[in-house]
Amino acid sequence: MANKSIDLIMENFKKISMIPRCSKHEEKIADYLIEWAKKNGFDYKKDGYNNVLIKVPAADGFENAESIAIQGHMDMVCEKTSDSKHDFSKDPIKIITDGDWIMADKTTLGADDGIAVAIGLSLGMDKNIGHPQLELLFTADEETGMNGAKNLSPDFFSSRKLINIDSEKEGVFTIGCAGGEDTDIILPIERGSAKNYYYEITINGLLSGHSGIDIDKNRANAIKLMSQLLKFMGNFNIFLCSIEGGSARNAIPKSSRAVICCDNEINPDIMNKFHLTIKKAYKNEKNLTIQLKRLGNADRPITNSQNIINLIEELPHGVFKKTENNITETSNNLAKISTFDDKIIISTNQRSLSEDGINIITKQIEEIADRYKAQYKSFNNYPSWKPNFNSELLKKSKNIYRELFSVEPEIKVIHAGLECGIIGSKIKNIDMISLGPTIEDVHTPNEKLYVPSLEKIWTLLIKMLKTI
């Protein structure tokens, strides 16, 4: 039974993976879900933000039981390796099996959170499962600000028990999460006259990772490394022509590129010296590459280049504060930088378990921007999910897990953002828990899902739906 059920989940996941669903482009996956509901004769609705709700009727004998919401988001982070030709707007995700793991070919897998969608559809299709009415709630645009959940009407669904399938380690029940906010810094630039020598510097191959879950793992930030390298090259009196790096607010930047110019030729040995320095500081960054390439010409040099470099250097990245229990409380991800004709834009993503923490780190970023006479705007604030250790859903779920697997589940409050925080702020007295199969290296092209953990999650869900 378990193997057939896993086959069904994987079949649904592969179908989902054929559909483009980068954040803010969920129209096709939302339409697919509606068509699936129609095909199966289920009631459904979609709001103006592409949130979809599908109601699966109760199984025989469960008609009077309280309904349960199964919730996940339909969008995915679209990241790929520097040599990938994948076009996320039209190409299907190519899934690769490696023993007990599945991954994608040089792209993010999208198990975050496509596996929740696949599990939800499988629950609706498996007629052998005893369950109350299920409300399959699939939200849009989670990865770029949780905008689907933010715009969710409180009466969009009626269940007062919700199982979120967006945690990424089997055996862990998540009952709280960080809130967050984004900031954009806009620094005007001025351009001067041409120089004698032009070069391109590229930094590639970093581990990257989730800007919340992995922020405390001493993974290098490619934008920060680039600013450090440019400082390291200070004797050459270099000027920036452009600087780029990062691709998503919730991913630690894995690559960066700068075009520079100067009046004197640069000895490439300086790259090797800097590389050796970085390898000592980041022993886990084994695939880091730094390359210097001579160019014939480029954009005119930015005269306030040093301001840009200093601004990047001064902006915080990483863990800002920890709790007394050594849990990451507040952090910042220096996420993206882009150069335009007359300005650069730097994007950051702040997280904290407390509203005060969000306010403090955001204010510090804004004050730094002020000192460099840069404009800034902070937005996409979303609340944390305060843990309820007395939750009835938690108590019952712990008992079920212990009965099934003879071990205690781990109870966690995580530094990532979950939609439960926003849903809980809209709907009072809703009881929620988050769980999921083991997924590693989310938001990176190394993302992979451990299939045996999916079997355990399915077994757990079936038992929970019968008894909670």
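The values are calculated or read from the model by the stated rules, or taken from the named source; none is laboratory data. Bear in mind that the values here come from a model prediction, so they are computed numbers and not experimental data. Note that we place each Cβ from the backbone using ideal geometry, even for glycine, and neighbour counts take in every protein chain shown.
Across the range 167-177, the number of residues qualifying as in a strand (DSSP E or B) and among the small types (Gly, Ala, Ser) comes to 1. Screening the range 20-48 for residues that are among the acidic types (Asp, Glu) and in a helix (DSSP H, G or I) and picking the one that is farthest from PRO154 (Cα to Cα) gives GLU35. The set of residues in the range 332-358 that are over 19 Å from the mean Cα position of the chain (by Cα) and surrounded by 15 or more Cβ atoms within 10 Å (Cβ to Cβ) comprises THR339, ILE344, ILE345, SER354, GLY357. Just one residue in the set GLU324, GLU329, GLU265, GLU313 is within 21 Å of the chain's Cα centre (by Cα) and acidic (Asp, Glu); that residue is GLU329.
Can you tell me which residue in the range 77-136 is farthest from SER159 (Cα to Cα), limited to those that are surrounded by 19 or more Cβ atoms within 10 Å (Cβ to Cβ) and among the acidic types (Asp, Glu)? Once the filter is applied, the top-ranked residue is GLU79. Here is a check on your reading of the model: is LEU353 in the same structural domain as LYS321 (by TED's automatic domain parsing), more than 30 Å from GLN306 (Cβ to Cβ) and touching a residue at least 40 places away in the same chain (Cβ under 8 Å)? The answer is yes for LEU353.
Annotation note: of ILE266, ILE252, ILE223, ILE243, the sole residue that is farther than 30 Å from ASN380 by Cα and either assigned by TED's automatic domain parsing to the domain that holds SER82 or of a type in the set (Val, Ile, Thr) (or both) is ILE266. Of (1) under 27 Å from ASN332 (Cα atoms); (2) assigned to a loop (DSSP other than H, G, I, E, B), VAL259 satisfies all except one. Which? Going through the list (1) under 27 Å from ASN332 (Cα atoms); (2) assigned to a loop (DSSP other than H, G, I, E, B), VAL259 breaks only (2). All told, ALA69 meets the bar of being touching a Ser or Thr at 6+ places or on another chain (Cβ under 7 Å) and either outside the structural domain of ILE462 (by TED's automatic domain parsing) or in contact (Cβ under 8 Å) with a residue 24 or more places away in the chain (or both). Taking residues in the range 315-336 that are acidic (Asp, Glu), and partners anywhere that are assigned to a loop (DSSP other than H, G, I, E, B) and crowded, with 20+ Cβ neighbours inside 10 Å, the pairs with Cβ atoms closer than 9 Å and at least 6 places apart or on different chains are GLU329/ALA178; GLU329/LEU353; GLU329/HIS415.
If you go through the range 372-392 and keep only what is in contact with an Asp or Glu (Cβ under 8 Å, 6 or more places away or on another chain) and either assigned to a helix (DSSP H, G or I) or among the basic types (Lys, Arg) (or both), you end up with LYS377, GLU392.
A residue that is in a loop (DSSP other than H, G, I, E, B), within 19 Å of the chain's Cα centre (by Cα) and surrounded by fewer than 19 Cβ atoms within 10 Å (Cβ to Cβ) occurs nowhere in the range 178-201.
Residues that are closer than 26 Å to LYS254 by Cβ and at pLDDT 95 or above within the range 288-305 comprise LEU288, THR289, ILE290, GLN291, LEU292, LYS293, ARG294, LEU295, ILE302, SER305, listed in sequence order.
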